[in-house]
Amino acid sequence: MRDNDISRRRLLGTVGAAGATGLVLGAAGGAAAHAAASGDAPTALTELGSSAVAFHGTHQAGITTPLQARGHLIAFDLAPGAGRKEAAALMRRWSTLASELMAGRVAGDGDTGVALDAGPSSLTVTFGFGRTFFDRTGLVAQRPPGLDPLPAFSSDQLDKKRSDGDLWVQIGADDALVAFHALRAIQKAAREAARVRWQMNGFNRSPGATGQPMTARNLMGQVDGTRNPKPSEPDFDRRIFVPSEPSGRSGTSGTKYAWLAGGSYAVVRRIRMLLDDWEQLPLKKQEQVIGRRKSDGAPLTGGSETTLLDLDKTGPDGKLVIPDNAHARISAPEQNGGAAMLRRPFSFHDGIGADGTPEAGLLFICWQADPLRGFVPVQRKLDRGDALSAFIRHEASGLFAVPGGPKEGEYVGQRLLES
């Protein structure tokens, strides 16, 4: 058992008045440390604040971690003149920092104190490499085929300044200040090695806001994520994570791509929702566009949210109950040769645009072992005839290779940068 685990256990306490028991007190960077410094007795954190996600492991955190309430996506470009040596030093700094922050500890001597009174709050920090990272570091031979550029789609209206990047960082937490604290720490730790290319901020429903756990809703009010593959499914790892044994395009073990074993690919898209147009549609028309009931996410063919779509069912008029251009029909795995991706998005709202409409929508993030077998075939079909396309706009895009989780004593990407 590590020393910090022992110290955490010593801080276990109860919140008698609230009727809760066994809640973890703040770690060195949280309320307990603040209380200890001031001489006051430690105060118990809520269960929400005390929840911590491990930094080390087979896979990086932030992929299968449950949706968090707040998120920041940020891409960096290596500074002019920075190469492999500088990138390795940066990833070492970032990994050490992320490990401390995710455990609820302070971010070194220069900590801003923004999250001083909070615990880890399920903070995750996830790192990925863009296609150009391999050019800048002289590692083109180690660039995996999965980073081949995504094809152009007719619905794309991409802003290049908010797309791509050498490095990508995903930050998520169940507390907004904890997420912001991590964002600032990551930005400052970049020092002279890398510069911010773009940043996007998002949110989800806060844990505990509903009477029982349920699939999230997006800003159109639709239940979003029903058909996500689940870790309990026998083929989940094969679909989402790059294997450690050779396997076609994504083969890794014993090859120049071995550094990616246990990792994944993240496709990141900023999708603007044309909410003024969408909200003018009557409920029945909205449900036909999606192919599901708005109230509970169940298919229009009946059942509950998890009931499989009956794609052949017709109504009294002889027409398909789920229209042939409904989003749920076109994106269904059985309509795409079993193609699957783990969607883990954040919503965003950046105020009102110059045209007077809401700058709002979805920060779409999907994970898969191979984008050519996950995101690309599904998006191609959606691009050709999805009824939802009239109400959304793809405004930014990025594709990143996300290495496997680091072992104790390693930093993220070490197997690549020190190969």
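Calculate, in whole percent, how much of the Cα-Cα pair population of segment 208-348 lies beyond 21 Å. If you can, show how the numbers build up before the last one.
Details: 5397 of 9870 pairs.
Beyond 21 Å sits 55 percent of the P(r) for segment 208-348.
Write down the radius of gyration of segment 333-419 and its Dmax, each obtained from C-alpha positions, in Å.
Values for segment 333-419 (Cα only, Rg and Dmax): 17.4, 51 Å.
Using Cα centres only, tell me the gap between segment 287-319 and segment 69-102 in whole Å.
45 Å
Go through (1) 68, 46, 33; (2) 74, 59, 48; (3) 161, 54, 33 and flag the label whose value is the computed Cα extents along the principal axes in Å for this structure.
This structure yields the entry labelled (2).
Going by average Cβ neighbours within 10 Å, how do the peptides 336-342, 384-390, 311-317 rank, with the highest at the top?
336-342, 384-390, 311-317
For the pair Arg184/Ala141, report the inter-label distance in nm, with labels modelled 7 Å from Cα in the Cβ direction.
Calculated label separation equals 4.4 nm.
Could you sort the peptides 68-81, 204-217, 172-185 by per-residue average Cβ neighbour count (10 Å cutoff), highest mean leading? Write down the numbers at each step before the final one.
On the way: 68-81: 20.9, 204-217: 12.7, 172-185: 23.1.
Going by the mean number of other Cβ atoms within 10 Å, highest first, we get 172-185, 68-81, 204-217.
With all pairs of different alpha carbon atoms counted, what Kirkwood hydrodynamic radius in Å does segment 101-225 show?
17.6 Å
Counting only helical runs of four or more DSSP H residues, what would the 222 nm mean residue ellipticity of the chain come to if each run contributes -39,500 (n - 2.57) and the total is spread over all its residues? Don't skip to the answer; put the middle values down first.
Numbers: 12 runs with 96 residues, N = 419.
For the chain, the value works out to -6000 deg cm²/dmol.
Relative to the longest principal axis of the C-alpha atoms of the chain, give the angle of the C-alpha long axis of helix 375-385, reported between 0 and 90° and rounded to the nearest 10°.
The helix 375-385 is inclined about 30 degrees to the chain.
If packing is taken as the average count of other Cβ atoms within 10 Å, what order do 297-304, 124-131, 281-288, 267-274 fall into, highest mean first?
124-131, 267-274, 297-304, 281-288
Taking only pairs that are 8 or more places apart or on different chains, how many Lys pairs in the chain have Cα atoms under 28 angstrom apart?
Here the count comes out as 28.
FYI, it's all coordinate maths here, none of it is from the lab. Computed from a predicted structure; not experimentally measured. Neighbour counts run over all protein chains shown; Cβ positions are idealised from the backbone, glycine included.
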